[in-house]
Amino acid sequence: DGGDKEKFIYPYKASEVLSSDLNAVYDTLFANEEVVNKFFTFLSSAESPLNPIRAGYFTKVVSTLLSRRPDETFDVIKSKGLVPQLLLHISTYSALELLLKVVSEVEEAASLQEADFGWLYDIDLVSVLLGKLDKSLDSEVQANASVALVGFVSQSPMQWEGSAIASMPSRFVNDLMK
């Protein structure tokens with residue numbers, strides 16, 4: 001069926017190619033702004049709730065790009081407002097996974113002082129996620145928001161007594177403790 005190919009087969013094959021470990025693929029993707037724009041509009045043009053299969057493909061590709069080309073990917077995430085879009089689709093598990101991946105990568109880079117991620121901290125993720133615990137919202141939204149908050153705490157480096165390595169708690173954890 002042609003509809004199934006367009007909805008599932010082609011996105012699957014595209015995700016496999018885009019998440020392959022080939023620098024030529026990443027070079028081509030980031031060199032073509034039109035392709036980048038089309039790919040990253042998935043969240044803004046997608047139905048709500050997101051199709052979980054296609055959202056999974058999207059998450060797979062963006063996670064790979066974050067791992068292989070973090071600077072370029074963070075630039076796109078920032079410029080396209082991807083994090084607020086993920087928060088709008090938090091009822092979809094893949095959006096939650098990608099949000100946690102973005103936060104994890106930001107926390108790692110920030111701990112190494114590799115870049116300025118004020119743009120992410122300005123979103124006030126903790127407050128937005130706490131707002132999604134409202135009992136009037138869908139149970140999937142509440143569950144995934146709570147998983148995200150727990151994920152922030154579990155991803156934060158722990159301060160062990162007697163440890164030779166001092167670690168600073170995550171800014172997100174600090175926000176939770178306020």
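Here is how the numbers come out for the structure above:
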read-out: Where Thr64 falls short, out of the listed (1) more than 30 Å from Leu133 (Cβ to Cβ); (2) open to solvent by 80 Å² or more (accessible area, probe 1.4 Å); (3) polar (S, T, N, Q); value: (2)
read-out: Qualifying residues in segment 1-20 (those that are out of contact with any helix residue (DSSP H, G or I) (no Cβ under 7 Å at 6 or more places or on another chain) and in a loop (DSSP other than H, G, I, E, B)) - the one nearest to Lys60 (Cα to Cα); value: Ser20
read-out: Residues satisfying the stated conditions in segment 79-132, i.e. in a loop (DSSP other than H, G, I, E, B), open to solvent by 70 Å² or more (accessible area, probe 1.4 Å) and either at pLDDT 95 or above or not polar (S, T, N, Q) (or both); value: Leu112, Glu114, Asp116, Asp122
read-out: Any hit, segment 134-142, residues being under 17 Å from the mean Cα position of the chain (by Cα), of a type in the set (S, T, N, Q) and closer than 18 Å to Glu97 by Cβ; value: no
read-out: Positions within segment 47-80 being over 19 Å from Ser19 (Cα atoms) and touching a residue at least 24 places away in the same chain (Cβ under 8 Å), in sequence order; value: Ser48, Pro49, Leu50, Asn51, Lys78, Lys80
read-out: Segment 23-46 - residue that is open to solvent by 50 Å² or more (accessible area, probe 1.4 Å) and not in a helix (DSSP H, G or I) and, of those, nearest to His89 (Cα to Cα); value: Thr41
read-out: Criterion (touching a Lys or Arg at 6+ places or on another chain (Cβ under 9 Å), within 30 Å of Lys13 (Cα to Cα) and open to solvent by less than 20 Å² (accessible area, probe 1.4 Å)) met by exactly one of Ala148, Ala55; value: Ala148
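The values are calculated or read from the model by the stated rules, or taken from the named source; none is laboratory data. Remember, predicted model here, so these are calculated numbers, not experimental data. Don't worry about glycine lacking a Cβ; one is built from the backbone with ideal geometry, like all the others, and counts go over all protein chains shown. For the accessible areas, the whole protein counts, side chains as well, though only heavy atoms, and no ligand, DNA or RNA atoms are used. Shrake-Rupley method; radii C 1.70, N 1.55, O 1.52, S 1.80 Å.
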